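K.L.:
Let me give you the structure first, and then I'll get to my questions.
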Ligand code: 13P
Ligand code: SF4
């Protein structure tokens, strides 16, 4: 039996189990195409958090990385939240151990701790507000101008926002191991060979790569650009899982992966996102495992900054704590 026939059988079994168990599947754009195709909702990390919060399903399977599933559990605690693999971490989460983050945070008691959603539940619990790359500008702009901003764990996103919004940030030194691989010298050469290409990049890329981008934004923003811009060629500096939706939306355009330095794999696959497979999605739905769990004390603390993110994104007023009290 060919691979595609096997995948079709697994996909139809997944659809059957979703109905039987009242489960919903949420998938991030960096997942393999066959996983995106069995999902009820596919999107960026903000959209997945919104859909996870709203759903009335009993079981939420999040095909993405674990911090995304944790965010859904924090926002919608009565639901059973499962993942295809608990090995699906994130280098940004790993770059910010909670004890070290707390020590850093304590140095700036009047600062507002703005934390990227790519962080552990423990780090969220000591933060004031969470952002994703699709809502970051609105959220930072809502912070009173007299309050210092601590930003982590992604220093590239933080530097980009700080420059764009004209606010000074204290930056935590973390990076995304996937977006760090793009090489600006080779990108410059590729652009010279393709002067008609539109260059689009995720803000987790380094500043020397971002300087070439005509559009810098979240995965959903980059997809929207490919959908709506009349260009026939796009050079894309982000994880290639998103090419699945880009090619579906614009079969008429050429999508070119931004280059890496000589000697590297050249693929830019996120090793964490790619822990998930269609087989593991099926297994998770069959066994309702592995499940995301955390203590209620941790969950409730981590919900405060996530609720602030949702409120600001929805134009609702929020209060800021006058200082940090651990
Ligand atoms: P988005 O929120 O833009 O989907 O980004 C998530 C991510 O992990 C990027 O590496
Ligand atoms: Fe984390 Fe980077 Fe993978 Fe996104 S692409 S999940 S930031 S390691």
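Each reported figure results from applying straightforward, stated rules to the coordinates on display, with no laboratory input. These numbers were taken from a predicted model, which means no experiment stands behind them.
K.L.:
GNM on the chain, C-alpha springs below 10 Å: top fluctuator among 117, 60, 143?
P.N.:
Highest fluctuation among the options: 143.
K.L.:
Let me ask you something else. Tell me whether the chain comes out rounded, prolate or oblate; compute the Cα gyration tensor, take square roots of the eigenvalues as a ≥ b ≥ c, and use a/c under 1.5 as the rounded threshold.
P.N.:
Since a/c reaches 1.5 but b/c is at least a/b, the shape of the chain is classed as oblate.
K.L.:
How high is the relative contact order of the chain, in percent, counting Cα pairs under 8 Å that sit 6 or more residues apart?
P.N.:
Relative contact order of the chain: 23 percent.
K.L.:
Percent relative contact order of region 68-202, based on C-alpha pairs within less than 8 angstrom and at least six residues apart?
P.N.:
Over region 68-202, the number comes to 21 percent.
K.L.:
Say we join alpha carbon atoms closer than 10 Å with springs in a Gaussian network model of the chain; which of 138, 106, 164 then has the biggest fluctuation?
P.N.:
164
K.L.:
With a/c under 1.5 counting as rounded, go ahead and sort region 202-278 into rounded, prolate or oblate using the C-alpha gyration tensor (a ≥ b ≥ c being the square roots of the eigenvalues; past the cut-off, prolate if a/b is larger than b/c, else oblate).
P.N.:
Cα axes put region 202-278 in the oblate bin.
K.L.:
How high is the relative contact order of region 1-124? Use alpha-carbon pairs under 8 Å, at least six apart in sequence, and give a whole percent.
P.N.:
Relative contact order for region 1-124 comes out at 19 percent.
K.L.:
Roughly speaking, what is the centre-to-centre gap between region 237-255 and region 121-144 when only Cα atoms are used, to the nearest Å?
P.N.:
29 Å
K.L.:
While we're looking at this one, here's another question. Under the classification rounded if a/c is under 1.5, otherwise prolate if a/b is larger than b/c and oblate if not, where does region 252-326 fall, given a ≥ b ≥ c as square roots of the Cα gyration tensor eigenvalues?
P.N.:
Cα axes put region 252-326 in the oblate bin.
K.L.:
Which of 281, 253, 140 moves most in a GNM of the chain, Cα contacts under 10 Å?
P.N.:
Result for the chain, Cα springs under 10 Å: 253 fluctuates most.
K.L.:
Quick check: Cα centre of region 1-78 to Cα centre of region 302-326, how many Å?
P.N.:
Each part reduced to its Cα centre gives a spacing of 28 Å.
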